[in-house]
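First up is the structure itself, then whatever we jot down about it.
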Amino acid sequence: MKILVCVKQVPQKDAPLKLNESGAWIREDVSYEVNEPDAYALEEALRQKEKHSGEVVVITTGPTRAQQVLREALAKGADRAIHLEDPAFVGLDAFNTAKAIAAAIKDEKFDLIFTGLQSDDYGYAQTGVILAELLGWAHATIIMHIEKSETGIKVKRELESGYFQYVEMPLPAVLTIQSGINKLRYATLIGIKQAKNKPMRKVTMAEVQSAISPNLQKIEKLYIPHKAKKTVMLEGSPAEIAKNLVEKLKNEVRVL
Amino acid sequence: MAETILVVVEQREGKLNRVSYETLAGAQAIAAEMGWQLEAAVVGSGIADIAAEIAAKKVSKVYAVESPALAPYTPDGFVAALKELISSRRPRLVLMPHTYQVRDFAPKLATALASTLISDATGYVKDGDRVLFTRQMFQGKFSADVAFTGEPPYFATFQTGSYRGDQAAAGDAPAPVETVKVEIADGVVRNRPQLAFKEAKQAVDLTQAPIIVAVGRGIKEQKNIEIAKQLADLLDAELAASRPICDAGWLPMDRQIGSSGQTVAPKLYLALGISGAIQHVVGMKGARTIIAINKDADAPIFEIADYGIVANLFDIVPPLMEEIKKAKG
Ligand SMILES: Cc1cc2nc3c(=O)[nH]c(=O)nc-3n(C[C@H](O)[C@H](O)[C@H](O)COP(=O)(O)OP(=O)(O)OC[C@H]3O[C@@H](n4cnc5c(N)ncnc54)[C@H](O)[C@@H]3O)c2cc1C
Ligand SMILES: Nc1ncnc2c1ncn2[C@@H]1O[C@H](COP(=O)(O)O)[C@@H](O)[C@H]1O
């Protein structure tokens with residue numbers, strides 16, 4: 001099986017984020033990491049390859065710094081990488097990101113494309129599904145298990161409130177992967193060494209420009225959310241806070 | 001002619017999903033403020049009852065989009081059906097609840113119509129003759145007001161809890177129901193879904209617990225779960241967790257709170273090192289009192305907490321346990 005995995009670099013979970021001058025985006029001088037479900041998507045692709053042989057290719061769009069997530073993927077066992085490299089990719093909406101990815105892989109023949117179910121920064125929850133429609137492929141979302149079947153694949157979709165559902169579908173297909181589908185591996189030292197010699201194809205904005213169009217949605221304003229509730233903040237030394245909190249538990253929450 | 005909003009309500013296996021009323025309430029607000037018309041659609045097979053239920057609400061028309069090929073939900077089937085309806089009726093704005101089912105097909109539908117979807121909105125802002133949608137970004141650390149910049153039809157989905165379903169206004173008289181029979185050719189629907197099921201062992205029922213102590217990734221290591229457990233025992237509370245804790249196997253899945261876990265409304269919810277992502281919050285925001293301990297003052301959990309403590313949980317929990325012991329005598 002030949003599998004493409006879309007991995008995105010996003011600000012680290014604990015990174016302190018600040019608005020930039022435009023008021024419509026953040027200051028980008030923060031630490032980054034791989035979008036969590038994308039790490040699970042990569043792991044799943046590696047496991048499928050180990051079972052059925054084939055190839056795992058990783059792709060990302062973003063500035064030079066985004067290469068880091070591709071390097072990590074190569075170190076974990078991906079065979080090669082594609083980097084659509086330009087800071088301008090960060091500002092694309094999900095439709096355009098999917099179009100750019102589709103354009104970059106037009107000469108390839110994948111059986112499966114995995115994406116994460118949602119990005120931690122934009123949180124569109126759309127890129128994979130849009131990509132499927134652009135390619136004319138079947139898709140399924142929020143996937144927790146994948147196995148080959150006689151005619152294609154059988155996947156387990158997560159539904160709400162603890163429900164699941166099996167779906168049989170043909171190949172090629174796009175699957176959006178949910179965190180927790182498997183247990184992640186760590187890169188080994190040998191893996192990190194080998195990654196240096198693995199192919200990394202660079203694609204410029206100019207090469208995919210004709211495939212993309214003006215964004216169909218635009219962030220007019222980014223801001224700290226308005227508070228819905230009045231929160232009483234308890235302050236002081238840990239001992240004072242503990243005392244104060246127990247007093248609340250006794251007299252206001254009435255659980256002691 | 002007035003512009004039209006179309007709300008696509010959700011049905012699963014022949015039953016109306018009640019969150020549809022929340023979207024309807026939001027759509028009624030937009031329609032009133034913009035002076036637009038409001039219509040609704042339900043998609044499936046044998047859905048006349050649901051259409052009639054929706055027709056009792058304040059909408060000018062309900063479409064019952066029918067085909068035997070729509071009996072089990074599939075993205076191919078629903079997109080084929082809705083593409084046909086939307087192409088011919090030309091609503092300006094299509095609104096849906098941001099459910100797992102809608103996430104599965106709405107981006108495909110918008111793409112098939114060369115348009116775009118603003119997903120997971122929590123509200124809207126009128127800006128002249130435009131409607132902007134507000135959505136969370138960066139896991140709830142920021143909100144964004146987002147505009148459509150292309151041509152209609154525009155698509156948006158509302159997050160669960162953005163509007164109150166019980167505020168969806170009823171109509172003076174039932175709205176007309178138009179049955180739209182769609183032809184879905186063989187081969188269009190590629191996925192073959194099986195029935196939804198629940199994983200067998202759901203040993204713990206957290207919905208009845210009066211007090212819940214919940215841990216998130218801030219607990220750092222599996223061995224630290226023990227600290228939370230001791231605190232829970234002292235409070236006669238159940239122990240629960242955010243999803244990453246259960247994904248890692250530090251606590252069993254049936255202790256997970258949130259959209260893919262249990263929904264609880266205890267007297268007290270004590271959140272230790274939980275950031276407050278919306279998928280967690282939907283499972284616990286009904287708690288009578290929420291106390292959050294988080295080292296990040298900007299963590300979204302403080303937006304819904306009644307009491308907040310900005311601190312390292314490992315500094316607070318030990319003295320807290322001492323104080324509780326004292327209080328219990
Ligand atoms: C479709 C879908 C379904 C999902 N379903 C669920 C669900 O049902 N339930 C669920 O919980 N999540 C769910 N999620 C995941 C959700 O989006 C979040 O990723 C998750 O809730 C984050 O968990 P967390 O708060 O424990 O971790 P993080 O977001 O990593 O937060 C950890 C927090 O701990 C704080 N912290 C760190 N160290 C300390 C310390 N020493 N003391 C105090 N605080 C500290 C940090 O400041 C941070 O705020 C779902 C996601 C998707 C896309
Ligand atoms: N810039 C990008 N580069 C590579 N993959 C991406 C990018 N943006 C989104 N994706 C993929 O699409 C998934 C869903 O992202 P989103 O639609 O933004 O929520 C992510 O988990 C990634 O797998």
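Observations
- Flag if A:GLU21 is crowded, with 19+ Cβ neighbours inside 10 Å, away from ligand 1 (no atom under 16 Å from the Cβ) and either within 12 Å of chain B (Cβ to nearest Cβ) or of a type in the set (D, E, K, R) (or both): no
- Hits in segment B:129-153 (condition: more than 9 Å from every other protein chain (Cβ to nearest Cβ), over 26 Å from B:GLU303 (Cβ atoms) and either assigned to a strand (DSSP E or B) or at pLDDT 95 or above (or both)): B:ARG130, B:PRO152, B:PRO153
- Within segment B:206-238, being farther than 17 Å from B:PHE314 by Cα and either within 13 Å of ligand 1 (Cβ to nearest atom) or touching a residue at least 12 places away in the same chain (Cβ under 8 Å) (or both) holds for B:LEU206, B:THR207, B:ALA209, B:PRO210, B:ILE211, B:ILE212, B:LEU235, B:ASP236, B:ALA237, B:GLU238.
- Picking from residues in segment B:237-285 that are among the polar types (S, T, N, Q) and within 16 Å of ligand 2 (Cβ to nearest atom), the one that is farthest from the other protein chains (Cβ to nearest Cβ) is B:GLN279.
- Filter pass, B:PRO252 being over 23 Å from B:MET137 (Cα atoms), at pLDDT 95 or above and either over 14 Å from the mean Cα position of the chain (by Cα) or away from ligand 1 (no atom under 12 Å from the Cβ) (or both): no
- The lone exception for B:GLN101 - which of (1) more than 14 Å from chain A (Cβ to nearest Cβ); (2) of a type outside the set (Asp, Glu); (3) closer than 29 Å to A:SER161 by Cβ it fails: (1)
- The residues in segment B:44-90 that are aliphatic (A, V, I, L, M) and under 23 Å from A:GLN165 (Cβ atoms) can be counted, and the count is 10.
- Residues satisfying the criterion are present in segment B:254-262 (criterion: under 25 Å from B:ALA121 (Cα atoms), among the hydroxyl-bearing types (Ser, Thr, Tyr) and touching a residue at least 40 places away in the same chain (Cβ under 8 Å)).
- Residues of segment B:93-115 that are in a helix (DSSP H, G or I) and either within 16 Å of ligand 1 (Cβ to nearest atom) or not polar (S, T, N, Q) (or both): B:TYR100, B:GLN101, B:VAL102, B:ARG103, B:ASP104, B:PHE105, B:ALA106, B:PRO107, B:LYS108, B:LEU109, B:ALA110, B:ALA112.
- Residues in segment B:194-241 that are part of a loop (DSSP other than H, G, I, E, B) and among the polar types (S, T, N, Q): B:GLN194, B:GLN202.
- Strands (runs of 3 or more DSSP E) lying entirely in segment A:99-208 (those with 2 or more residues that are within 30 Å of B:CYS246 (Cβ to Cβ), at pLDDT 95 or above and more than 16 Å from ligand 2 (Cβ to nearest atom)): A:138-148, A:152-158, A:163-170
- Hey, A:ALA88 under 24 Å from A:ILE26 (Cβ atoms), within 16 Å of ligand 1 (Cβ to nearest atom) and modelled with pLDDT of 95 or more or not: no
The values are calculated or read from the model by the stated rules, or taken from the named source; none is laboratory data. Here the structure is a predicted model, which means the values were calculated and not measured. Cβ atoms come from the backbone with ideal geometry, glycine included; neighbour counts cover every protein chain shown.
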